[in-house]
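Worksheet: one structure, shown below.
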Amino acid sequence: HVQLVESGGGLVQPGGSLRLSCSTADMTFGIYDLGWYRQTPGNQREFVATITKRGVTEYADSVKGRFTITSDNAPNTVTVFLQMTNLGPADTAVYYCNAHPITMPRGELAHDRWGQGTQVTVSP
């Protein structure tokens, strides 16, 4: 059973920065790639970034150069961070930590696991 525990998020002014964290059992990493999606009301979840156990990263075009995804492996736990900089109102959303089975195509989300979501609001 994959559990994803998120922290971070909140209210920030335009141009500001925030860091999101997501922790899970270390055995998850390698079976799943870990990453982040975001969702605004009335819209589907949107891919933001992902990282593999080997450290290969991928970003949505809308966040390239502003967001950085990293991972930190500790005994029994892996934590994935999403450092967000130069935030703008368009980044306002609920951000979800994601675990995607490495055996599934990128766009196939039926077997993905999700965190509880954390709100990020960018407003003056």
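The values are calculated or read from the model by the stated rules, or taken from the named source; none is laboratory data. Computed from a prediction, not measured in an experiment: that's the story for all the values here. Cβ sites come from the backbone with ideal geometry, for glycine too, and all protein chains shown count toward neighbours. Note: areas computed on protein heavy atoms with side chains; ligands, DNA, RNA excluded. Shrake-Rupley method; radii C 1.70, N 1.55, O 1.52, S 1.80 Å.
I'd like the residue in region 95-104 that is surrounded by fewer than 17 Cβ atoms within 10 Å (Cβ to Cβ) and either in contact with a helix residue (DSSP H, G or I) (Cβ under 9 Å, 6 or more places away or on another chain) or not hydroxyl-bearing (Ser, Thr, Tyr) (or both) and, out of all such residues, is farthest from Tyr32 (Cα to Cα).
First pass over region 95-104, keeping only residues surrounded by fewer than 17 Cβ atoms within 10 Å (Cβ to Cβ): 101-104.
With the extra rule that they be either in contact with a helix residue (DSSP H, G or I) (Cβ under 9 Å, 6 or more places away or on another chain) or not hydroxyl-bearing (Ser, Thr, Tyr) (or both), the set shrinks to 101-102, 104.
Working: Pro101: 4, Ile102: 5, Met104: 9 Å.
For region 95-104, the residue satisfying everything is Met104.
Test Gly107 against the stated conditions and say whether it is surrounded by fewer than 15 Cβ atoms within 10 Å (Cβ to Cβ), modelled with pLDDT of 95 or more and outside any strand (DSSP E or B).
In short, no.
Going residue by residue through region 87-94, is there one that turns out to be assigned to a strand (DSSP E or B), farther than 21 Å from Pro124 by Cβ and open to solvent by 20 Å² or more (accessible area, probe 1.4 Å)? Quick ask: steps written out before the conclusion?
Going residue by residue through region 87-94, those that are assigned to a strand (DSSP E or B) are 93-94.
Within this subset, residues satisfying the condition of being farther than 21 Å from Pro124 by Cβ are none.
No; the residues of region 87-94 include none that is assigned to a strand (DSSP E or B), farther than 21 Å from Pro124 by Cβ and open to solvent by 20 Å² or more (accessible area, probe 1.4 Å).
With (1) surrounded by 13 or more Cβ atoms within 10 Å (Cβ to Cβ); (2) closer than 18 Å to Leu11 by Cα as the list, and Pro124 as the residue in question, which single condition is left unmet?
So the condition that Pro124 fails would be (1).
Determine, yes or no, whether Thr70 is in a strand (DSSP E or B), over 17 Å from Leu34 (Cβ atoms), touching a residue at least 12 places away in the same chain (Cβ under 8 Å) and open to solvent by 20 Å² or more (accessible area, probe 1.4 Å).
Taking the combined requirement at face value, the residue does not satisfy it.
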